[in-house]
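The numbers here are math on the coordinates, done by the rules we state, and not lab data. Every value quoted in this text rests on a predicted model; they were computed, and no experiment measured them. Here the Cβ positions follow ideal geometry from the backbone for every residue, glycine too, while neighbour counts run over all protein chains shown.
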Amino acid sequence: MCLTAFLIPAGLALFILAAVLLVQGIRHNHRGKMFSSVGILAILAAGCAVMMEFITRPL
């Protein structure tokens, strides 16, 4: 429980950061911010996949 209590708020904060970077990148036509946003989302997706694998795997 402690691990998920730490990871969920951190993941939500990273998701908000990625959304803000994506919107700013689209508004200002700044490719670096858009690529950073996609990179953050890819890391979050990989982390979610790993966490779900360990959560759903029977011990």
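Please label the shape of the chain as rounded, prolate or oblate, based on the square roots a ≥ b ≥ c of the eigenvalues of the alpha-carbon gyration tensor (a/c under 1.5 means rounded; beyond that, a/b larger than b/c means prolate, else oblate).
On the way: a/c = 5.16, a/b = 2.44, b/c = 2.12.
It is prolate, given that a/c is not under 1.5 and a/b is the larger ratio.
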Quiz item: If r is the Cβ-Cβ distance from residue 26 to residue 56 and R0 is 35 Å, what FRET efficiency results, to the nearest 0.05?
Solution: 0.50
Self-check item: For the range 10-33 versus the range 35-59, the gap between their alpha-carbon centres in whole angstrom
Solution: 18 Å
Quiz item: Given a cut-off of under 8 Å on Cα pairs at least six residues apart, what relative contact order in percent is computed for the chain?
Solution: 29 percent
Quiz item: Between the helical axis of 2-28 and the dominant principal axis of the chain, each derived from Cα atoms, what acute angle in degrees is found, rounded to the nearest 10?
Solution: 20 degrees
